[in-house]
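Peer 1: Here it is: the structure, laid out below.
Taken together, the values in this text are just the output of simple stated rules run on the coordinates, not laboratory data. Everything numeric in this text was worked out from a predicted model, so none of it was measured. In this analysis, Cβ positions are derived from the backbone assuming ideal geometry, glycine residues included, and neighbour counts consider all displayed protein chains.
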Amino acid sequence: MAPLSSLLVSLLAASAAALPQDLVERHGPGHHAPKCKPHQVRHRKSWHTLSNVEKKAYLDAEVCLMNKPSTLHLRGARTIFDDFQSAHATLTEIVHYAGQFLPFHRLFVWEHEQALRRECGYRGAHPYWNETQDAGAFTTSILLDPVYGFGGNGVGASRCIADGPFANYTNALGPGYAINDHCIDRTIQDFVSWAAHKQYADRCLAKSTWLDFWVCVEGAPHTAGHGGIGSQMSNPVSSPGDPIFYLHHAYLDMLWAKWQAQNPSVRLTEMGGKNLGDLATEFPGELFPTDIPPPPGFPGAPAPGGPGAPVFNLTRPWEVQAPAILGDPGNTTTLNHVLQLLGLGPDRTISQVMNTKGGYLCYDYDQ
Ligand SMILES: [Cu+2]
């Protein structure tokens, strides 16, 4: 990763210098963005509170996206569902452990909601997974219901999910950057899912600055959902191959919206961080921060790279190029940073996604 990172840093410097001001302005707030009117705000609810009819409508729409041929023909993608996964893979290095982590995934989930509605007639708002209710016990979460959920844990050596609406999907991408037909797989780790406990989320919500909040959320709450479900979900590159990804990231987005609402005059415009992070080395100690007692009755966490630690396929093939970073004059993320979607939806600046109910976006959360 190191040589690639330095290459990207030089690309970044070059692209920032060469960025025409009109690009920033074209992407600026209000431009081409329909205004969100109060009666249009969609209310996102926790999966635990949805009726079976609402759950079924969402699951059916996701299956529909999995059956619609790719429109963008992104690398390896056969379906619209794959287009999202493929875009995420290509963008991995610039959208994780970087300032745009939460803004990018907010827009990514929003475009997923738009696709469900536009392509598949979904009429609801994007649900989220209130993971605090299942901390330490993902195995028994109602999210994994075989009829009104995402299907259960993986089984056997392949770790393929065996039931639920997505059991027969042939995923075209992953693990990592590989183009490779396989099932949707899961290896639930209840120990890791303990990091979804409310005390870890509350610890983040108590942070007073954006930088502290973002690092905190990308630590325990983010890792809990990915590592707790395991297999494809634990892969930083190809995790959107498991549809649970979208409910997990909607949850993290809810935490950000909730944190913003505690002090909107400051936090609706508070941004920062690096434009290029390092998947392997950032945020040590953020999974189980030591200021909270360790999970009761669990053994120690698997050491990074040691036995029990997930194996990622993070070697980026030469043909997968992350786009140059646009909008910032250097390696610091600002409100002018351009969130690139590779065609999933229009590119937007971070300033356009700061408020879930203003400008381009139009939703809120039930908490
Ligand atoms: Cu991601």
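Peer 1: Run through segment 108-197 and list the trypsin sites (Lys or Arg not before Pro) located in a DSSP loop whose Cβ has at most 15 other Cβ atoms within 10 Å.
Peer 2: Here the sparse-neighbourhood loop sites are Arg123.
Peer 1: Past the 26 Å Cα-Cα mark, which pairs from Lys56/Lys207; Lys55/Lys357; Lys207/Lys357; Lys45/Lys207?
Peer 2: Pairs exceeding the cut-off: Lys56/Lys207.
Peer 1: Moving on. For segment 167-180, what does the Karplus curve 6.51 cos²θ - 1.76 cosθ + 1.60, with θ = phi - 60°, yield as ³J(HN,Hα) per residue in whole Hz, taken in order and with x for Gly and Pro?
Peer 2: 5, 9, 6, 9, 7, 8, 10, x, x, x, 8, 4, 9, 6
Peer 1: Hey, which aspartates and glutamates would be in cross-link range of Lys198, C-alpha to C-alpha under 20 Å, not counting anything within fewer than 8 residues on its own chain?
Peer 2: Of all the aspartates and glutamates, those that pass the test against Lys198 - Cα under 20 Å, at least 8 places apart if same chain - are Glu131, Asp134, Asp190, Asp212, Glu218, Asp253, Glu286, Asp291, Asp366.
Peer 1: Can you give me the long-range amide H partners of Gly359? Hydrogens built in the peptide plane at 1.01 Å from N, cutoff under 5 Å, separation of 5 or more residues or another chain.
Peer 2: So Gly359 has HN proximity to Cys36.
Peer 1: Amide H to amide H, which residues 5 or more places from Arg348 or on other chains are under 5 Å from it, using H placed in the peptide plane?
Peer 2: Leu339
Peer 1: Which distance in Å, rounded to a whole number, links the C-alpha centroids of segment 333-367 and segment 127-166?
Peer 2: If we compute the Cα centre of each part, the gap is 29 Å.
Peer 1: Once phi is turned into ³J(HN,Hα) by the Karplus curve 6.51 cos²θ - 1.76 cosθ + 1.60 with θ = phi - 60°, what whole-Hz value does each residue of segment 80-91 show in order, with x for glycine and proline?
Peer 2: Per-residue couplings from phi come out as 5, 4, 5, 4, 5, 5, 5, 4, 4, 4, 5, 8 Hz.
Peer 1: Sequence-distant or interchain residues sharing an amide H contact under 5 Å with Ile179, placed H: which?
Peer 2: Long-range HN contacts for Ile179: Gly174.
Peer 1: For segment 121-126, take each phi angle, set θ = phi - 60°, evaluate the Karplus expression 6.51 cos²θ - 1.76 cosθ + 1.60, and give the result in whole Hz per residue in order, putting x for glycine and proline.
Peer 2: My calculation for segment 121-126 gives x, 5, 10, x, 8, 5 Hz in order.
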